[in-house]
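So the structure is just underneath, and the comments pick up after that.
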Amino acid sequence: MNHLPIYVHLVIAVTIGGIAILNAALFWFIPCLTRRDLYFAVTVPPGFRDQSQGVSILRRYRIELILLSVLALVAFVAGIARFGVGFARGGLLIQVVASFIAFYRARLRVLPYAVPPTMIREAELHGHNRIIPGGWMAASGPFILLVVCAAYLWFHGRESSARSVYLISTAGILVALTLLLYGLAHWVRPVYAGGPERARELKFRRTVSAITLAAEYYVTLQASWIVLVPRRGDLAAVGLLPLAFVFVLVVIVVLARLGQGGSRMPAGDHARIASSAVPIGDRTPDRYWRLGIFYFNPDDSAVLVEKRFGLGYSLNFARPTAWIIVLLVLMAPLIPVLAHLTQFLHTTQR
Amino acid sequence: MLRIDLASRVPVYEQIANGLRAELVSGKFSPGAKLPTVRILAIKLGVHYNTVAEAYRQLANEGWLELKRHHGALVRERDRPQAGPDAMERFSRPLRELVAKGLADGLSPRSLAREMTETARRLEGEPSP
C-alpha cells in the first residue's frame, strides 16, 4: 500500500476515522433505540430505563465507552505513526472490541433486574405481505448487471484472472445478500400479529429489504466500475471507499430514526385503531442470547429475529441456513486470497 | 389470529390444533383454502417445525385438512360426523371442570354465564346484543 500517493492515504485515514466516530456515536445512542422493555439485550420492566438503576447503568456504560474509545484512539494514532496507514483497520477493530466490552459489562449490571419475557405467541393466518420492493425482478437486476459486465470483458478480450476472481467474489456477496433478502420476506418472525405495531413492523421490514437491495446494486456497480476502469483499478476502489461510508451512514441514520422493529415510526391510518400498545419485547428468551449479541435457539424456526443490540435483524445461529449465509459472506473476501495462494503454489512448484 | 402460550401446561401442538380447529369451525376458511405452510407458521410462532407438523397431522386425521408436500395444507370439505354415545359426556365433563376452575379463580357465576351465552349466540349465528 506504501506505493500509493499521499492523497490516497489521506482518503483511507479520513474514511476510517469517520467510521470510528460513527461507531462511537452508534454505541453511545443505541441503548436508547431498542424497545422499551429491552435494555442492554436483557428483558426488563418497561419503565426500567427511566428508574435510577437504569439511568445509573447507562451513565456508567457511557463513561466506560468514552474511556475505552480514548484508549483505542491512542492505540490507533500510535499504530498509524509506527506502522503507517495500514494499521488504521487494526485501530478500528480495537475500538469495536472495546465498545463491546463496555456493552457486555453493562449487560451484566442489568441482568439482576431481568424479568421473564412473555410466552404468548400470535400468528396471522390470512394474507401475504409483499416485502421486497420491486419483487424478484428488482432482486435479479444486480446478477444481470454482473453477467453483462463479465460478458463485456470476455468479448473485448480483457478478462484476466484477477478480474474473474473479483467478479466471482462479488457474486458470492450477491448470493449472500439475496439469501438475506429472501429471509426478510420469509424467515423473520413478526413480534406483533396485528394492529398498528404490526403495520410499523412491516414498514420496517420493507425498509430493511430496500436497503439490502440497494446494497446489492451498490456492490455490483462498484465491482463493475473497478473491473471496467482500464487503469489503476486500485485507486478506483479507494475513491469508492468514502462513498461506501456515506451509504453506511445514511442507512444507520434511517434505521435509527425508525427505531427497533419500526417502533418509532408513525403508524399512519393505523394510529386510529385501538393499539395493544403494551410493550412485549421481541418474544425471544434472554437465555438464548449469547453475550447479548448472538442468538442461538434450536427450538425457534425463525432464521432472522430482531436484534437485541443494534438495528435491523440478527441471525439465529442454531439454524443451518444462518451458517450458509455467514459462510458465503466470509467466503467472498477469501476467494481472492485463495486464488493468490493457488497461483503462488503453482509458481513455486515450477 | 392464532394464539398460543408457551408457558401453558397444554402441549403446544395441541394449542395450535385447537386454535386452528376453532378457526375452521367458525368458517373463516372455506374448503380449498390454503393454510400457511408448516415452515411459515412455525417461524411466526417461534416453535419447532415438528410441533406445527404434529398439529397439522392431528387435524388431517380428523378430516379437516389435506396435507400436500411442499404445498402446505388445504382445507377439506368435511361432513359433520355422527356423534357417538359418549360424545356429549366427553364435551360436558371438561366444560364443568372449566366452570369450576373459573369459579375457583374468582370469576362470578354471572360473568361465566354471560360468556357461555355469548359463545352459544356465536354458535347459532345470532348477533351479539
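No value in this document is a laboratory result; all are computed from the given coordinates. It should be emphasised that the depicted structure is a prediction, and the values quoted were computed from it without experimental measurement. Every residue, glycine as well, gets a Cβ built from its backbone with ideal geometry; the counts of neighbours run over all protein chains shown.
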Per 5 Å bin, what percent of the C-alpha pairs of region B:12-75 does each bin hold, from zero upward?
4, 20, 33, 29, 13, 1
How many Cβ atoms of partner chains, on average, are near each residue of A:115-126 if near means within 10 Å of its Cβ?
6
Can you tell which of A:21, A:58, A:10 lies farthest toward the positive end of the dipole of region A:6-113, using +1 and -1 charges on the Cβ of basic and acidic side chains (Lys, Arg; Asp, Glu)?
A:58
Ranked from highest to lowest mean number of other Cβ atoms within 10 Å per residue, what is the order of the peptides B:111-121, A:215-225?
A:215-225, B:111-121
For region A:186-201 and region A:124-141, what is the separation of their C-alpha centers, rounded to whole Å?
15 Å
Can you compute log10 of I(q)/I(0) for region A:1-153 with the Debye formula, treating each Cα as one identical point scatterer, at q = 0.11, 0.17, 0.19 Å⁻¹?
-0.74, -0.96, -1.03
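Partner chain Cβ atoms within 10 Å, averaged over the residues of A:297-303 - can you pull that number for me?
Taking the mean over all residues of the peptide, I get 5.
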Over all residues in B:1-13, what is the mean tally of Cβ atoms on other chains that come within 10 Å of each residue's Cβ?
3
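List the pairs from A:203/B:28; A:307/B:101; A:307/B:34; A:203/B:68 whose alpha-carbon separation is above 30 Å, in the order I gave them.
Table pairs above 30 Å Cα-Cα are A:307/B:101; A:307/B:34; A:203/B:68.
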Using all Cα-Cα distances in the protein assembly as shown, what percent lands in each 20 angstrom bin from 0 up to the longest?
18, 46, 27, 8, 1
